[in-house]
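What follows draws every value from the coordinates through simple rules; no lab data is involved. Computed from a predicted structure; not experimentally measured. Neighbour counts are summed over all protein chains in view; Cβ atoms, including those assigned to glycine, are modelled from backbone coordinates with ideal geometry.
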Amino acid sequence: MADFKVTELSDEIDFQNLPYWDVVIIGAGPGGLAASLTTAHRGLTTLVIEAKDKPGGQPQFLYAEKKIVDIPGFPDGITGEELSERTYRQAVEALVQFRFNEELVSIEETDQTANDENLKKVFTSEGSFLCRKVILACGLLHYPRKLPVLDQLESKNVYYKIPKIGDYEECTVAVIGGGDSALDAAVMVLQRRGKVSLIYRGENPRGQAATISRIKELGGEIHLSTEISSAEFSGDHILLKLSTGNELLCSQIIVQVGFLSAKETFEKLDVRLNDDGSIAIDPYYETSRKGLFAVGDVHGDIKLIPVAWAEGIQAAIHAFKEITSPYWLNEKRLRDLKITLIGEKITQAAISQNKKK
Ligand SMILES: Cc1cc2nc3c(=O)[nH]c(=O)nc-3n(C[C@H](O)[C@H](O)[C@H](O)COP(=O)(O)OP(=O)(O)OC[C@H]3O[C@@H](n4cnc5c(N)ncnc54)[C@H](O)[C@@H]3O)c2cc1C
């Protein structure tokens with residue numbers, strides 16, 4: 001059955017004093033924002049907890065200025081920043097509530113109930129929240145992996161996310177890494193008139209071959225099988241000594257060497273994990289813990305914004321169905337527990353009703 005009726009939440013709800021939330025969502029990236037819109041549009045009180053100071057997830061923090069060209073409905077592309085802001089505004093208008101700079105710590109089961117259902121308690125770095133369902137949408141990546149050899153400089157010209165610099169004329173930028181984000185950063189600097197030296201410790205960059213060709217076309221230098229042996233200040237610049245014996249004087253350094261994994265958080269949640277450490281889910285996006293769903297990059301093979309959106313929406317609807325229908329009439333349970341078993345229960349209920357008449 002189609003499921004697209006929007007039920008607005010009343011703006012008279014006192015969100016500060018709710019006895020419990022219908023849904024708590026961890027992460028305000030694409031998956032979490034899409035899930036939050038969907039639950040709020042079905043009249044469920046929804047709280048989103050986000051570790052960073054802004055919503056948007058990877059598109060906001062990793063490629064805010066990149067034009068994303070593969071989002072259906074945006075033929076001219078849209079930047080990560082604009083896409084994040086639009087989705088966030090939509091969630092705010094639907095009365096989703098947000099808490100920023102707050103991190104998930106653990107989720108515990110409680111004895112408190114709502115409609116015969118045990119509530120969960122979500123513990124964060126700042127407090128705790130009772131709720132009926134939790135949707136984990138915290139991605140696989142967390143904070144950028146750092147390079148100690150550069151960190152000891154404590155320089156404001158060493159960036160772990162793409163800096164907002166409009167024009168790199170006169171700048172020589174070392175970009176460290178060989179994945180798509182490093183290659184995208186190198187292209188971005190070259191297109192803004194900067195000089196780039198890409199340094200990658202492997203033999204072949206992992207990012208797209210087309211982007212590597214683009215870096216070469218734009219005049220970027222690529223140093224493969226190369227690491228930074230030491231770094232020191234040289235006037236306004238930073239002097240890098242490379243493992244090949246070469247030296248490089250640069251004005252900025254952009255480091256994109258991967259991320260610390262969110263898997264440490266997953267291990268604390270007592271959910272079944274896949275062999276690769278991602279979260280295992282069933283076909284309804286529910287984890288091995290009842291009432292705890294997981295969407296987007298936390299488990300997915302296909303890591304894309306529209307995929308995270310679609311999963312967030314589906315998990316939100318499954319959560320909604322579980323909240324609004326008794327478990328034995330719930331579509332999901334009907335399928336999982338085999339229709340025959342439920343059929344028996346319904347028949348028995350009908351027989352006893354008939355006997356009473
Ligand atoms: C360089 C790059 C370019 C990309 N380009 C594209 C593209 O062009 N098109 C496309 O479709 N996809 C692209 N992707 C992939 C896309 O960005 C991801 O698949 C998508 O962001 C996943 O969304 P998500 O909501 O699952 O996770 P995320 O975007 O990772 O969001 C998770 C959020 O959860 C927060 N969080 C993490 N841990 C906690 C915690 N413990 N407590 C509270 N909050 C927490 C994080 O701060 C973050 O805001 C790209 C990815 C990268 C790295």
Principal-axis tilt of helix 30-40 within the chain, Cα atoms, nearest 10 degrees: 30 degrees
Range of Cα positions in the chain per principal axis (Å), largest first: 92, 42, 40
Set 5/321; 156/195; 146/216; 5/345; 263/303; 195/303 screened for pairs whose C-alpha atoms are more than 21 Å apart: 146/216; 5/345; 195/303
Cα-based shape type of segment 143-262, given that a ≥ b ≥ c are square roots of the gyration tensor eigenvalues and the cut on a/c is 1.5: rounded
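Under the rule of -39500 (n - 2.57) per DSSP H run of 4 or more residues, summed and divided by the residues of the chain, what mean residue ellipticity at 222 nm is obtained, to the nearest 500 deg cm²/dmol?
Here the helix-only value at 222 nm equals -8500 deg cm²/dmol.
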Cα-based helix-to-principal-axis angle, 80-93 vs the chain, degrees rounded to 10: 30 degrees
Top positive-direction residue, dipole computed over the chain with Cβ charges, set 139, 310, 83: 310
For segment 146-257, with +1 on Lys and Arg beta carbons and -1 on Asp and Glu, the positive-most of 183, 162, 210 along the dipole: 210
Selection of trypsin sites (Lys or Arg not before Pro), segment 130-222, meeting DSSP coil and at most 13 other Cβ within 10 Å: 146, 156, 164, 193, 206
The chain - charge dipole about Cα centre, Lys and Arg +1 at Cβ, Asp and Glu -1, debye rounded to 20: 1040 debye
Angle between the chain longest axis and helix 180-191 axis [Cα atoms, degrees, rounded to 10]: 50 degrees
Cα-based shape type of segment 154-223, given that a ≥ b ≥ c are square roots of the gyration tensor eigenvalues and the cut on a/c is 1.5: oblate
Segment 259-310 versus segment 174-208: alpha-carbon centroid distance in Å: 30 Å
Residue 346-residue 65 FRET efficiency (beta carbon distance; Förster radius 45 Å; 0.05 resolution): 0.20
